[in-house]
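J.: The structure under discussion is supplied below as structure tokens; questions concerning it will follow.
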Amino acid sequence: MRTLVIGDIHSGLRALKELLQKASVSADDKLIFLGDYVDGWSEAVETVDFLIDFNKRYNCILLRGNHDELCYEWLNGGSDNPMWRQHGGEATVSSYEKIDIETKTRHLAFYKSLENYHIDAKNRLFLHAGFSNLKGVQFEYFQKTFYWDRTLWELALSLNPDLEKNDPWYPKRLTHYQEIYLGHTPVTRMGKTTPVQAANVWNIDTGAAFKGPLSMIDVDTKQVWQSAPVHTFYPNERGRN
Ligand SMILES: [Mn+2]
């Protein structure tokens, strides 16, 4: 059984379909989606419908991204959020314009069912963004940290490579899990278009909402699959650029 991790999709359903095909995904695989399913390209509703159906037929873990919660709050009748609309929410609002009440109910249940983190049998941690408690995820006080944090990734990037794991200066947060897989901060900001490893942290967000592709990694072999740059599937759209 392969364990495959998929980065931030941001409504790029066409890229997701290409990616699943490229990796010949089957019912024997375990698929872990890192969240941020919506906000970016025009297919928010279609992407969520696809994931709801896909989850019935495949072995999936669906994690919560900050954009998924923002969309949930809006869909659930929350007050208007101009900041969210600017950061991809506008495309999601347009996508949801034509839905019926049954779709709305189904989608609200989907967003609500998302998990904040997942730890597998090999003590590998999967989550959208990060955590801040030095003792690990089960001690986290502010749940939003799981899908908003950027400090864990920055910590991994800035780690002194000469530091030993048993050194008192070594960051505690990096010692609890074999590996940590996250998204949230596109590696395209660092000029990269493939998943980036720093210490034992792997960032799989390759900027699908911007000019990058959608990526998937096999956590055991580190084999990577990628779609074409997601914007090429939506040539008349601006995405989050
Ligand atoms: Mn995010």
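The values are calculated or read from the model by the stated rules, or taken from the named source; none is laboratory data. Not measured: the values here are computed from a predicted model. Backbone-built Cβ (ideal geometry, glycine too); neighbour counts: all protein chains shown.
J.: Being of a type in the set (D, E) and within 13 Å of the ligand (Cβ to nearest atom) is the filter here, so list the residues in the range 29-40 that pass it.
T.: D36, D39
J.: Can I ask one more? Write out, first by first residue and then by second, each pair whose Cβ atoms fall under 7 Å of each other, whose residues are 6+ apart or on separate chains, and whose first residue, in the range 170-191, is small (G, A, S) while the second is not in a strand (DSSP E or B).
T.: The qualifying pairs are G183/G7; G183/D8; G183/L34; G183/G35; G183/D36; G183/H128; G183/I204; G183/D205.
J.: Out of all the residues in the range 184-234, which are within 16 Å of the ligand (Cβ to nearest atom), charged (D, E, K, R) and surrounded by fewer than 19 Cβ atoms within 10 Å (Cβ to Cβ)?
T.: Listed by number, the list holds a single entry, R189.
J.: In addition: Is there a residue being outside any helix (DSSP H, G or I), under 26 Å from P235 (Cβ atoms) and touching a Cys at 6+ places or on another chain (Cβ under 7 Å) anywhere in the range 86-103?
T.: Scanning the range 86-103 turns up no residue that is outside any helix (DSSP H, G or I), under 26 Å from P235 (Cβ atoms) and touching a Cys at 6+ places or on another chain (Cβ under 7 Å).
J.: Condition test on L108, is it crowded, with 22+ Cβ neighbours inside 10 Å and either among the aliphatic types (A, V, I, L, M) or free of Cβ contacts under 8 Å to residues at least 12 places away in the same chain (or both)?
T.: no
J.: In addition: If I filter the range 188-196 for residues that are on the phi > 0 side of the Ramachandran plot, modelled with pLDDT of 95 or more and assigned to a loop (DSSP other than H, G, I, E, B), do I get at least one hit? Lay out the reasoning, then the answer.
T.: The first filter runs over the range 188-196 and keeps only residues on the phi > 0 side of the Ramachandran plot, leaving 191.
With modelled with pLDDT of 95 or more added as a condition, the list becomes 191.
Remaining after also requiring assigned to a loop (DSSP other than H, G, I, E, B): 191.
So far as the range 188-196 goes, yes, one or more of its residues are on the phi > 0 side of the Ramachandran plot, modelled with pLDDT of 95 or more and assigned to a loop (DSSP other than H, G, I, E, B).
J.: Mind counting the residues in the range 111-143 that are in contact (Cβ under 8 Å) with a residue 60 or more places away in the chain and either charged (D, E, K, R) or loosely packed, with under 13 Cβ neighbours inside 10 Å (or both)?
T.: Of the residues in the range 111-143, 2 are in contact (Cβ under 8 Å) with a residue 60 or more places away in the chain and either charged (D, E, K, R) or loosely packed, with under 13 Cβ neighbours inside 10 Å (or both).
J.: Only one of L157, L182, L152 is more than 18 Å from the chain's Cα centre (by Cα) and under 23 Å from I32 (Cβ atoms); which? Full working, then the answer.
T.: Working: L182 fails: more than 18 Å from the chain's Cα centre (by Cα); L152 fails: more than 18 Å from the chain's Cα centre (by Cα).
Only one candidate passes the filter, namely L157.
Per-residue answers, yes or no, for (1) away from the ligand (no atom under 15 Å from the Cβ); (2) within 27 Å of E97 (Cβ to Cβ); (3) in contact with a strand residue (DSSP E or B) (Cβ under 6 Å, 6 or more places away or on another chain):
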residue	(1), (2), (3)
A27	yes, no, no
S42	yes, yes, no
V45	yes, yes, no
I61	yes, no, yes
G78	yes, yes, no
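J.: What do you reckon, is I52 touching a residue at least 60 places away in the same chain (Cβ under 8 Å), away from the ligand (no atom under 16 Å from the Cβ) and surrounded by fewer than 19 Cβ atoms within 10 Å (Cβ to Cβ)?
T.: So I52 fails the test.
J.: Okay, next question. In the range 166-220, which residues are in contact with a helix residue (DSSP H, G or I) (Cβ under 7 Å, 6 or more places away or on another chain) and hydroxyl-bearing (S, T, Y)?
T.: T185, T206
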